[in-house]
Every structure is written in structure tokens, then in C-alpha cells.
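Some notes on the structure that comes next.
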Amino acid sequence: MSTEPLLSIEGLTKHFPIRTGLLGRQVGAVKAVDEVDLVIEPGSTLGLVGESGCGKTTLGRCIVRAHDPTGGRMLYRQQDGAVIDVAGLKEKDLKTYRSEVRMIFQDPHSSLNPRKTLREIIGEPMRVHGYGTKEEIEARVGELLERVGLRPEYANRYPHAFSGGQRQRVGIARALALSPRLVVADEAVSALDVSVRAQILNLLMDLQEESGLAYLFVSHDLGIVEHVSDVVAVMYLGKVVEQGPTEDLYTKPLHPYTEALLSAVPDPDPAAKRHRERIKLLGDIADPAHVPPGCPFHPRCVYAKETCRTDAPPLREVGGRRVACHFAEELELRGVPDPDVREVSA
Amino acid sequence: MSATIDTAIGGSGVAADDVLLEIEDLRTHFLLDDGVVCAVDGVDLRVRKGETLAIVGESGCGKSVMARSILRLVDPPGQIEGGKITLHRESGPVELVGADRKLLRQIRWNDIAMVFQEPMASLSLVHTIGSQIVEAVRLHENVGKAAARNRAIEMLDRVGIPMPQRRVDAYPFELSGGMRQRAMIAMALACRPSLLIADEPTTALDVTTQAQILELLRDLQDEFGMAIMLITHDLGVAAQVADSMAVMYLGRVVEYGGAEQVLAEPRHPYTKALLRSMPRLGRAARTRLTAIKGMVPPPYARPEGCAFHPRCDAVMAGRCDTVLPRRVPLREPVGDREVTCLLYEEES
Ligand SMILES: Nc1ncnc2c1ncn2[C@@H]1O[C@H](COP(=O)(O)OP(=O)(O)OP(=O)(O)O)[C@@H](O)[C@H]1O
Ligand SMILES: Nc1ncnc2c1ncn2[C@@H]1O[C@H](COP(=O)(O)OP(=O)(O)O)[C@@H](O)[C@H]1O
Ligand code: SF4
Ligand code: SF4
Ligand SMILES: [Mg+2]
Ligand SMILES: [Mg+2]
């Protein structure tokens, strides 16, 4: 890609204080996001995967500045080409950024105000950001509804009259109202049925092609992430442990955690069942309030050695990718076999 | 004609001694103020001893209501309007539709146990895990407190809960989601049922935890030999564990067969469409998915004829929108297959 990054995240950190009940004294911190570096290119999709509680939503919310980061920088390249750090910007200076970076939420049921019509819901960001006259907003709402596959007449209806898939379309229309440059989609299709999910994923990809917007696509579903992403980042306990171009990362993971995640995905292809063997993860999902010393993944890693208990592996470049494992070069990890290869050998 | 079909399907006429549970023309409806929801509308199914049958389909197609009908756990105003559910116990067959409470109580846990998507909803929050298992065991078996507690510890250990002697005294909120689901399974299996109904047991869990739970279910099945009815909307999950598989759409089973066969060679247009619309690992990234047009219609507005016809890409105008398709047994190289689709009615 010839372009410069749209958003360049450096050392982004978000810690939530843990307080004791009685005195409210801080006794520790949940390291929900811990020194994360990521780059989002214009017009591309960065997929973000990891188990529940690893910090995906927190990272997404930092990016749209629904959270104030505890530390780090978020270098945003404005339309005029100037680069600004939006991590520490005050509310009054965030107006443009907020109109250009929008979020789609997971739950289409609770994220839309039930007392407002679709016209009000979709038009709201335009009103807040002074988009135009009442008539212009009206016309734009109609346009957006059509664009996401809903009838413009629906503008007068309330969200309860719609199915989950339709509500998610409304959420997308609302996110698109201000022609954003980056959309953070947090589990945007997770609550939807399989058949409707495909419609929404297609819509998101079409919109990207038309308007060149970029996505941060957060999901725990590795199949969907593979499908939509140019680049994928894998998070574990608040940190990115591996990041690389989608195909490389899926076919040849370099981090043991990526390998374990991939091997856990159930594949409906009966041939795949015979070909894959699950990589066992030891123990339960880790708790970001108690990050183990050394490599944070070591208590669950089947390849862990003595050094892993004490030395934290930094995120470093390995073969055009970034990975945080001491043994990334030596381990021969298994990815997802190419389905064509799989069929030939079946 | 219909008589031959019935026998081919293994209706009550067949001396299929490996059948554990047989559901025939089950109808469970909700009579609401603004209409009747035919949540389950003529389901025929059978579960064989020791097998895993996956029930798949999108949300609202009646999987849960069907499963809850078996143990008569449907919330009012839901009601079984017709059909038969026969459980083949060692002592002989019993009919569950119309059975009295006493018989149902006996069958719950002892013969048929159930685990749900959200274990918190079915575990008591104010009792320890152990006391809940002890209670379930003592309700059904004549054993002392100490023996029941030992059984609880043994089961917790068996489902992979570390330090079971300590965890037996833990409250549900002290456990992680995966642990809670394990505890639920321990409780469900404590009385050694012959059928475990698991309704979306891994849907709320991460892929990694899901893989652990599915593996656990498989191991426990090997050990205890119970049959499992696994309800899931995830065809991948079904592929991992199921021996046979039933695909539901709007209250009916539209395709039934061996899991591998159905997944490798789906016959019903809905099954085909579902498989096509799924992103699969290892498929070319950034390609368009083949979505199914439209969406599952609202439950009151069940389309005439074949309920799938407004979304079907093989729809035959003038036929599919008027004629209700029957179940058609297909001749297959391996196993049985039944498809409820007019495209196949000539074949039989
Ligand atoms: N407002 C908050 N106050 C305290 N802790 C929080 C807060 N928000 C999130 N956390 C904690 O931060 C960690 C990361 O949470 P986050 O919601 O980002 O996870 P996630 O990766 O999005 O998980 P999921 O897949 O379940 O959505 C968790 O341990 C969570 O409990
Ligand atoms: N308590 C209830 N009252 C009214 N309708 C219900 C109730 N429970 C389920 N239904 C309806 O029955 C149908 C099937 O539901 P369900 O079995 O839960 O679907 P699934 O488990 O396949 O997602 C749906 O249309 C649902 O709205
Ligand atoms: S550094 Fe060690 S523990 Fe961490 S992922 Fe690599 S091998 Fe496993
Ligand atoms: S009966 Fe007709 S509409 Fe229904 S699935 Fe078959 S072809 Fe499609
Ligand atoms: Mg989240
Ligand atoms: Mg259900």
C-alpha cells in the first residue's frame, strides 16, 4: 500500500483501577489494554481477535475516545494530511475526530433508543455535528436507509418494529451518517443469524469499496475476521501477541496462542474434522487483573520453557510480521490448511 | 403412499431397538393475544441410544421450544397441541405427552437431563454447586448425604474442575463461565441419564472454552454411553460432535441425516444456503458471501406452502407457495436421509 497510516497507535494503555469496597483505596489495576502498537491503513480492515476479556472492546472504545487512554499515543492523519495525537485531546478539540471515527455496537437491541424513530436515530449525529438543514438531513436519512437495504418509508418507525438484522442496518446507517473515515465495528455481526450475518458482512465490504473507509473489525469469531480483514491482530491479556497479513497469520501462525485459537474453531467441513487436531490450551481464560510474570501466556502454553516464566517476550518483527514469543523462529506451528490442499489429500 | 414413508422413516411400526426417543408430529404453540405462534409445527425426530443428534437452525426456528417440550418445560402460554414423544426405557416405552407430573419428575434427571446456554439461569445462586448436585442425586436415588456428596465431588472432578473437594462448596458466581458450564454438566450427569439435552451449551463461551466443553461431552459420552441432543445454531459445532443431524426451519425439520452426509452433501435448499452463507476458515479472504435473501419471517406470519419459499432460490412458483411439502426419505449410499422439500417428492 502506497499510503501513509490513517491511525497509528503507539504504546496505547488503558488501566482500570481496582478499589477496595470500603475505603475505595486503589489496590491494583486491570491492565485491559497494555502498551498496544497498531497501524490502521486508509481503506483497509484491521481485524482484532482474542478471548473474552482480553481488551478488544476497551481498545476500540479508546480509539473512538469513549475511554480516555491511560497512556500512549494515537496519531491520526487528518483530511488535510496533518498528523495529530488524539489520545490526549480535550473534548472541545475532538469534534472533527468524532465525526470521522465512528462505532457500530454489538447489540442491535440495546444500542438504539426505543423511543426515537429511525429518522431521529440516524439523523442525530448529523444534527449534533451541524451537518445541514432539516431538509438536507431528512434527504440524507432516506439515502442512508436505502444504502443499508431498508426502505426510506421506514424512517418514521421505531426500532422495536425491526428484526435484529434490520436494527444492525440502522446502526450501520447511523455510523455512516457523517461519512466517516474509520469505523470501529465491535462484534457487529455476532448477535445475528448466519444468513443475515452474511448480508451485513457483504454490506460492510461494499461500503468500504465505495467510500474507501477503514474498519477496525473486532470479533471473537476467527472465521469472520479472516473473511473481512487485510491484517489481523491477536490480543491476549491486553497485549497484541501477533499481527500480520491475514493469510500469513492464518496459514502459518507464529505465536502459540494464535495456533491454539485457530485449532479451536469448529469447521463445518467434515473433511476438516479428520485433518485437524485441537491444540490443547492449558487451564482457563486468564484474568487481566492478575497478569502472570514472564510471558503472560506461559501458564497455558504447551511450548513454554523455563525462560518463559521469567522473561517477557517483546513484540518484535519476524518475517514481515510482529510476534511476541521467544521461540517464534523455532516453533513449527500449525495453521489452517488451504481447503484445496485439504480436499486433495482427503 | 404415506404408509410406506412412515415405515421408511422408522415410525412406531418399526422394531428399531436402538431408538431411545421418538418424536412424532409434535406441535407446540403459543396462544398470544395477537395471534398463534406455531413454534413447533409438526416435528418428527428420533434419537438413537448413545448417539449425538445435533439440532441446527437459526434463532426462532423452534429448537429450544422443541427440546423443552420433551420435558414439558415450555413456558406458558406455550402448550403442546399434539403429537407423541415416546421414551424407550429399559422397562418399556413411556409416552411423555400427557404423562402425569409424578412420572415426569421421575424421568427428569434420571432418564433425561438438560443443560442450557446460560448456566446461571438454571443454577441456584444462593446454594453451593455441591449442595445442588447432592439435592438432585438424593431426589432420585436412595443414597445418604455423604455418599451423594462424594458423588458430587467425583462428578466435578470428572468434568475437569480443578480442586473438586474445594469447589464443591463454591457458589456459582465464584466460577468462570466455562467452569459453570462444567458444573452444570456434572449436575446433569450425576444421575446417569440416558439422554442429555444440551441447548446451546457453548454459545456463550469463547472458542477455546467451547472446544474444551465439546471435548468433555464427547469423552463423557464414551464413558457413560448416554445419547446427546445438542442444539446449536453453529454448523461447525455440529460437525465436530454429531453423528446425525436435523436442520430446522420455522418449526419443522427440513432435513435429517448422518451429520457428515448432510454437511458434505446437503439436499434441502435451506441447508445448502446456510452452508454457503458461512465464512469458513481457510477460504479466500475478502470475497462476497452468498447470503440467503430476506430473513426469518416473524412467527405469526408463517408463509403458505413451504415456509422457506420466499427465501428459496429453487422455488417453484405456483407449487411451493401453496403445497405443504412432506418428509421424503431419500435413498443414500450411507445412512438415512429425509428432506422436506417439493423438489424431492417425485423421487420417492
Ligand atoms: N469500565 C471498566 N471498569 C473496570 N474494568 C473494566 C471496565 N471495562 C472493561 N474492564 C475490564 O477490562 C478487561 C478487558 O475488557 P474488554 O471489554 O475490553 O474485553 P473484550 O476483549 O472486549 O471481551 P469480550 O470478548 O468479552 O467482549 C476485562 O477484564 C474487563 O473486566
Ligand atoms: N414464552 C414464549 N412466548 C411466546 N413465544 C415464544 C415463547 N418462547 C418462544 N416463543 C416463540 O417460539 C418460536 C421458537 O422459539 P425457540 O424455540 O426459542 O427458537 P430457537 O431455540 O430455535 O432459537 C419463536 O418464534 C419464539 O418467538
Ligand atoms: S514465550 Fe514461551 S510461553 Fe510465551 S508463547 Fe512463546 S513459548 Fe509460549
Ligand atoms: S419446497 Fe420449494 S420453496 Fe421449499 S425448499 Fe423445496 S424448492 Fe424451496
Ligand atoms: Mg467486547
Ligand atoms: Mg434457543
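When B:ARG252 is tested against (1) within 16 Å of ligand 4 (Cβ to nearest atom); (2) open to solvent by less than 10 Å² (accessible area, probe 1.4 Å), only condition (2) is not met. For region A:93-110, filtering for residues that are open to solvent by 50 Å² or more (accessible area, probe 1.4 Å) and touching a residue at least 40 places away in the same chain (Cβ under 8 Å) leaves 4.
The requirement of being within 11 Å of chain B (Cβ to nearest Cβ), away from ligand 4 (no atom under 16 Å from the Cβ) and at pLDDT below 90 is fulfilled somewhere in region A:286-293, by at least one residue.
Residues in region B:220-244 that are within 19 Å of A:SER195 (Cα to Cα) and within 13 Å of chain A (Cβ to nearest Cβ): B:THR232, B:HIS233, B:ASP234, B:LEU235, B:GLY236, B:VAL237, B:ALA238, B:ALA239. Yes or no: region A:178-189 includes at least one residue that is in a helix (DSSP H, G or I) and either within 16 Å of ligand 2 (Cβ to nearest atom) or basic (Lys, Arg) (or both). Looking for residues that are in a helix (DSSP H, G or I) and either within 16 Å of ligand 2 (Cβ to nearest atom) or basic (Lys, Arg) (or both), one finds none in region A:178-189, hence no.
Quick check on my filter: what residues within region A:20-56 are of a type in the set (S, T, N, Q) and over 28 Å from A:GLY81 (Cα atoms)?
A:THR20, A:GLN26, A:SER52
Would you point out the residue of region B:317-348, among those that are under 19 Å from B:ASP41 (Cα atoms) and among the hydrophobic types (A, V, I, L, M, F, W, C), that is farthest from ligand 5 (Cβ to nearest atom)? Among residues in region B:317-348 that are under 19 Å from B:ASP41 (Cα atoms) and among the hydrophobic types (A, V, I, L, M, F, W, C), the one farthest from ligand 5 (Cβ to nearest atom) is B:VAL323. Looking across region A:2-61, just one residue is touching a Lys or Arg at 6+ places or on another chain (Cβ under 9 Å), within 17 Å of A:ARG181 (Cα to Cα) and within 16 Å of ligand 5 (Cβ to nearest atom), and that is A:ARG61.
Of the residues making up region A:288-329, those that are more than 16 Å from ligand 1 (Cβ to nearest atom) and aliphatic (A, V, I, L, M) are A:VAL302, A:ALA304, A:ALA312, A:LEU315, A:VAL318, A:VAL323, A:ALA324, A:ALA328. Looking across B:SER131, B:SER194, one residue alone is open to solvent by less than 70 Å² (accessible area, probe 1.4 Å), hydroxyl-bearing (Ser, Thr, Tyr) and free of Cβ contacts under 8 Å to residues at least 60 places away in the same chain. It is B:SER131. Counting only residues that are within 17 Å of B:MET248 (Cβ to Cβ) and open to solvent by 60 Å² or more (accessible area, probe 1.4 Å), region B:317-348 holds 2 of them. Check B:THR271, B:THR322, B:THR340, B:THR287 and return the single one that is of a type in the set (Ser, Thr, Tyr) and free of Cβ contacts under 8 Å to residues at least 12 places away in the same chain. Being of a type in the set (Ser, Thr, Tyr) and free of Cβ contacts under 8 Å to residues at least 12 places away in the same chain holds for just one of B:THR271, B:THR322, B:THR340, B:THR287, which is B:THR287. The one condition from (1) more than 7 Å from chain A (Cβ to nearest Cβ); (2) open to solvent by 60 Å² or more (accessible area, probe 1.4 Å) that B:MET295 does not meet is (1). Applying the condition of being within 14 Å of chain A (Cβ to nearest Cβ) and surrounded by fewer than 23 Cβ atoms within 10 Å (Cβ to Cβ) to region B:255-271 and asking which residue is nearest to B:SER194 (Cα to Cα) yields B:GLY258. Residues in region B:307-316 include none that are more than 14 Å from every other protein chain (Cβ to nearest Cβ), within 21 Å of B:CYS38 (Cβ to Cβ), surrounded by fewer than 21 Cβ atoms within 10 Å (Cβ to Cβ) and within 25 Å of the chain's Cα centre (by Cα). All but one of (1) open to solvent by less than 30 Å² (accessible area, probe 1.4 Å); (2) away from chain B (no Cβ under 11 Å) hold for A:ARG181; state the number of the condition that does not hold. For A:ARG181, the failing item is (1). Regarding A:THR246, is this residue facing chain B (nearest Cβ under 7 Å), touching a residue at least 60 places away in the same chain (Cβ under 8 Å) and out of contact with any Pro (no Cβ under 9 Å at 6 or more places or on another chain)? In short, yes.
The values are calculated or read from the model by the stated rules, or taken from the named source; none is laboratory data. Predicted model only: the values in this text are computed from it and were never measured. Neighbour counts run over all protein chains shown; Cβ positions are idealised from the backbone, glycine included. Ligands, DNA and RNA are stripped out before the accessible areas are found, and what is left, the full protein with its side chains, is counted by its heavy atoms. Shrake-Rupley method; radii C 1.70, N 1.55, O 1.52, S 1.80 Å.
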